[in-house]
Amino acid sequence: MLGLWRRIRRLGRIAEPAPEPPSTDRPDAAEQLGGSVQIRHVDAGSCNGCEIEIGAAFGPVHDGERYGARLVASPRHADALIVTGAVTRNMTEPLRRTYEAVPRPRMVVAVGDCARNCGVFASAYGVTGPVSAVVPVDLEVPGCPPRPEAIVAALRTLTGR
Amino acid sequence: MTDSTTLGLVGGLLQAVVIVAGAPLLVGLMRQVRARMEGRVGAGIRQPWRDLRKQFRKEPITPRGTSEVFRAAPVAMVAITLVVAAIAPFVTAASPLPGVADLFVVVALLATGTVAIALAGIDTGTAFGGMGASRETTILALVEPTALVAIFALSVRAGSTNLSAIVDSTLAEPSAVLSPAALLAAAALVLVIVAETGRLPVDNPATHLELTMVHEAMVLEYAGPDLALIELGSAMRSAVYLGLLANLFVPWGIATEAGVLALLVGVVAFVVKVGVLGAALAAAEVFLAKVRLFRVPELLAGSFLLALLAVTASYVLA
């Protein structure tokens, strides 16, 4: 315990200084949220590359939470869904139901190339299509996988902070 | 109207307002302390209020198959906690309802709030709702006796189970704070608060894994304004428990006579005490991991033993 305390004292603040706020247009729904966006992550058939980057975006270095975004455990608590991966046949209906469970105003962020256009999995037999084929998408984050900075910038577009 | 009744009414109203307005800030402070110790920047202590404001504006959702119990539970929980916030000695030692500011009434009221949410968790009919409710009830059953016995150890000295009387007796006899009975009871009560407010090592408030949840699992189905009430109620419970701990053991600063200055000092002292306790709790959490669910009864049995020793000490060593 003493060792952990010394480590905390030595490391101090790990988070990098906040970059300039992104200048992309905010979706209309984001305006109503007032600097607080709770996010439910849905893995619709991802290879877990994007998950690692989302984890990094909320880790100590990038600290997505400082902009008012927070990952939650239930779609009912959420304002936005982060969807990763090409939507597989088995995840099509669960994704649709998860979207229906989010109270309005609700938004969807498609993270990664697979979520945007199926990436390398395009026209594979188990894939229904990109996220936009199942639920309306408000914001896209390109990359395979996208850098944590890009994910944080997308979150800041939603929170406006 | 006598002086004490006026003080009770004004102070009761004041402390209810302070707790409703300040409880989300307490949650924000605790998250901020954690964030700083983890090397993060944190969202700021006003973030829980931003969350609440947004959730109150969102669409209410009633899941299919739920009954009136599900809809009434958040309101009931907040209302019950508000009663405790108004009557227990937080800002002022006088109570608007002196007969109700009793150890047994306050502990039972807080337990009723937990039971309301547990019933709502069962009412959703989901696997995780029922699981969370059963876990919460198990913990509640183990924690309630400890809370009663620990505060009872303090009431032995005061000769009354009235919380205001306990606070008054500590004010009259400051050395009693360092008596073995008081110290043992304080240790037991800290564990009670950790378990009842769903903090580490009993429950992890930041978990996303349904199988490890206790409190969160019961409220997974709430959305919008109902969720805001649940979160406000949980925050108020934390503030009430920490306020009870602070004022039962370190009551100095509490308003004992009517007057603007006395009440002002009372509010400031209460806010500072709860803030310091909350920050200390959050800082201690950084060093802890959640214990396995089946080890929680051992932890709570230990706290019950401390409470029992406190009662014994208050009779034998008094």
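The values are calculated or read from the model by the stated rules, or taken from the named source; none is laboratory data. It should be emphasised that the depicted structure is a prediction, and the values quoted were computed from it without experimental measurement. Counting neighbours? That spans all protein chains shown, and the Cβs are built from the backbone with ideal geometry, glycine included.
Structure above, values below:
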| item | result |
| --- | --- |
| Residues within region A:152-161 that are surrounded by fewer than 20 Cβ atoms within 10 Å (Cβ to Cβ) and either in a helix (DSSP H, G or I) or of a type in the set (Gly, Ala, Ser) (or both), tallied | 1 |
| Check on B:Ala165, at pLDDT below 90, closer than 25 Å to B:Gly113 by Cβ, out of contact with any Leu (no Cβ under 8 Å at 6 or more places or on another chain) and not charged (D, E, K, R) | yes |
| Filter result for B:Ser155 (farther than 23 Å from B:Leu300 by Cβ and surrounded by 20 or more Cβ atoms within 10 Å (Cβ to Cβ)) | no |
| Only listed residue being free of Cβ contacts under 8 Å to residues at least 40 places away in the same chain and either more than 26 Å from B:Thr146 (Cβ to Cβ) or part of a helix (DSSP H, G or I) (or both), chosen from B:Val115, B:Val107 | B:Val115 |
| Flag if A:Ile39 is on the phi < 0 side of the Ramachandran plot, out of contact with any Cys (no Cβ under 8 Å at 6 or more places or on another chain) and in contact (Cβ under 8 Å) with a residue 60 or more places away in the chain | yes |
| Residue among B:Leu82, B:Leu25, B:Leu29 that is touching a Lys or Arg at 6+ places or on another chain (Cβ under 9 Å) and either more than 30 Å from A:Thr159 (Cβ to Cβ) or not in a loop (DSSP other than H, G, I, E, B) (or both) | B:Leu25 |
| Scope region A:82-109; condition under 22 Å from A:Val37 (Cα atoms) and small (Gly, Ala, Ser); matching residues | A:Gly85, A:Ala101 |
| Region B:286-301, residues that are outside any helix (DSSP H, G or I) and surrounded by 12 or more Cβ atoms within 10 Å (Cβ to Cβ) | B:Val286, B:Phe287, B:Leu288, B:Lys290, B:Val291 |
| Criterion (of a type outside the set (Asp, Glu), within 30 Å of A:Arg104 (Cβ to Cβ) and at pLDDT below 90) met by exactly one of B:Arg64, B:Arg53 | B:Arg64 |
| Residue selected from region B:302-317 under the condition in a helix (DSSP H, G or I) and surrounded by fewer than 17 Cβ atoms within 10 Å (Cβ to Cβ), by the criterion farthest from the chain's Cα centre (by Cα) | B:Val316 |
| Exclusive hit being within 14 Å of chain A (Cβ to nearest Cβ), at pLDDT 90 or above and closer than 29 Å to B:Arg157 by Cβ, set B:Ala284, B:Ala228, B:Ala223 | B:Ala284 |
| Test result for B:Leu263, touching a residue at least 24 places away in the same chain (Cβ under 8 Å) and closer than 30 Å to B:Tyr315 by Cα | no |
| Residue within region B:24-37 that is without any contact (Cβ under 8 Å) to a residue 60 or more places away in the chain, more than 7 Å from chain A (Cβ to nearest Cβ) and over 13 Å from A:Asp63 (Cβ atoms) present | yes |
| Residue list for region A:62-101, filter: under 12 Å from the mean Cα position of the chain (by Cα) and at positive phi | A:Gly85 |
| Boolean, B:Val20 is surrounded by fewer than 19 Cβ atoms within 10 Å (Cβ to Cβ), under 16 Å from the mean Cα position of the chain (by Cα), in a helix (DSSP H, G or I) and more than 12 Å from chain A (Cβ to nearest Cβ) | yes |
| Candidates B:Ile230, B:Ile254 - the one that is touching a strand residue (DSSP E or B) at 6+ places or on another chain (Cβ under 8 Å) and more than 16 Å from B:Ile151 (Cβ to Cβ) | B:Ile254 |
| The one condition in (1) of a type outside the set (Gly, Ala, Ser); (2) within 14 Å of chain A (Cβ to nearest Cβ); (3) touching a residue at least 60 places away in the same chain (Cβ under 8 Å) that B:Trp252 fails to fulfil | (2) |
| Tally, over region A:16-40, of residues that are at pLDDT 85 or above and of a type in the set (A, V, I, L, M) | 2 |
| Residues located in region B:42-91, provided they are surrounded by 15 or more Cβ atoms within 10 Å (Cβ to Cβ), polar (S, T, N, Q) and more than 8 Å from chain A (Cβ to nearest Cβ) | B:Gln55, B:Thr66, B:Thr81 |
| Helices (runs of 4 or more DSSP H) contained entirely in region B:139-230, each with at least 3 residues that are within 18 Å of the chain's Cα centre (by Cα) and closer than 29 Å to B:Thr256 by Cα | B:163-172, B:180-196 |
| Flag for A:Val83 being more than 12 Å from A:Leu155 (Cα to Cα) and β-branched (Val, Ile, Thr) | yes |
| Residue check for B:Ala262: surrounded by fewer than 20 Cβ atoms within 10 Å (Cβ to Cβ) and over 30 Å from B:Asp3 (Cα atoms) | no |
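Rundown of residues vs (1) closer than 29 Å to B:Arg50 by Cα; (2) of a type in the set (Gly, Ala, Ser), yes/no style:
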| site | (1), (2) |
| --- | --- |
| A:Gly55 | yes, yes |
| A:Tyr67 | yes, no |
| A:Leu81 | yes, no |
| A:Thr84 | yes, no |
| A:Asn90 | no, no |
| A:Ala110 | yes, yes |
